[in-house]
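The values are calculated or read from the model by the stated rules, or taken from the named source; none is laboratory data. Note that the structure is predicted; figures quoted are calculated from it, not measured. Positions of Cβ are backbone-derived with ideal geometry, glycine not excepted, and every protein chain shown enters the neighbour counts.
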Amino acid sequence: MTETNRRLKNFILAALFAALIAILAQVTIPLPLVPITGQTLAVGLTATVLGSRYGTLAILIYILMGVIGLPVFSEAKGGLPVLIGPTGGFITGFVVTAYVTGLILEKSRFTFWPALLANLIGMVVTLLFGWIQLKYVMSWGWGQALAVGVYPFLAVGVIKAALAAYLGVLVRKRLVSARLISSPHISQ
């Protein structure tokens, strides 16, 4: 297989994972300001399967789809106002989350325990970005932003990190077996 074909496969996978994030973003549990969504599960899954480079590309595609107005963000929202609103920090944090999660796995191994650790660190990164933006957009103190934008998501975040690790490693192994991605890492 040529390098061009490998890159094309990786770009297609990134686009497919961007679509998966958009779909799982619609799975929501409403909370007063920031809902619990399937987005973070999808971001962890994306980074675990695709690694840092193409996982980050998938996130950028997803965000671009939302910025141009497609209803891909939670509750079928789209447009730039979502990114500069109270929940925008979580979404922009996904870029760093995907990169860090994927990089940790590339530097270690694509197995469950490293994937769990990488996804837990990714969860912290997402919450950090969300917390900071929530504080400034809502003109709240750090404690209030923490109470609204971090604490409600910790327990479910750990569960989503474990699911992303388990499913991501499983899907990655299947894609490697099908020769859709290279082992141990995606071709760069």
Q: State all residues of the stretch 19-35 that are modelled with pLDDT of 95 or more, in contact with a Ser or Thr (Cβ under 8 Å, 6 or more places away or on another chain) and either buried (at least 17 other Cβ atoms within 10 Å of the Cβ) or among the charged types (D, E, K, R) (or both); if no residue qualifies, say none.
A: Leu20, Ile21, Leu24, Ala25
Q: Scan the stretch 116-128 residue by residue and report those that are buried (at least 21 other Cβ atoms within 10 Å of the Cβ) and β-branched (Val, Ile, Thr).
A: Thr126
Q. Among the residues of the stretch 67-92, which ones are polar (S, T, N, Q) and assigned to a helix (DSSP H, G or I)?
A. Ser74, Thr92
**Q.** Filter result for Leu64 (in a helix (DSSP H, G or I), without any contact (Cβ under 8 Å) to a residue 12 or more places away in the chain and either in contact with a Leu (Cβ under 9 Å, 6 or more places away or on another chain) or not basic (Lys, Arg) (or both))
**A.** yes
Q | Residues of the stretch 66-80 satisfying the condition of being in contact with a Phe, Trp or Tyr (Cβ under 7 Å, 6 or more places away or on another chain) and small (Gly, Ala, Ser) | A | Gly66
Q. Within the set of pairs 6+ apart or on separate chains, which have a first residue in the stretch 93-116 that is assigned to a loop (DSSP other than H, G, I, E, B), a second that is of a type in the set (Ser, Thr, Tyr), and C-beta atoms under 8 Å apart?
A. Phe110/Thr48
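Could you say which residue among Trp131, Trp113 is buried (at least 19 other Cβ atoms within 10 Å of the Cβ) and hydrophobic (A, V, I, L, M, F, W, C)? Outline the logic, then answer.
On the way: Trp113 fails: buried (at least 19 other Cβ atoms within 10 Å of the Cβ).
It is Trp131.
Yes/no matrix, rows are residues, columns are (1) crowded, with 21+ Cβ neighbours inside 10 Å; (2) touching a strand residue (DSSP E or B) at 6+ places or on another chain (Cβ under 6 Å):
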| site | (1), (2) |
| --- | --- |
| Leu13 | yes, no |
| Thr37 | yes, yes |
| Thr48 | yes, no |
| Tyr62 | yes, no |
| Gly69 | no, no |
| Ser74 | yes, yes |
| Gly93 | yes, no |
| Ala98 | yes, no |
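Could you check the stretch 21-43 and list, in sequence order, the residues that are under 16 Å from Leu120 (Cα atoms) and not β-branched (Val, Ile, Thr)?
Selection gives Gly38, Gln39, Leu41, Ala42.
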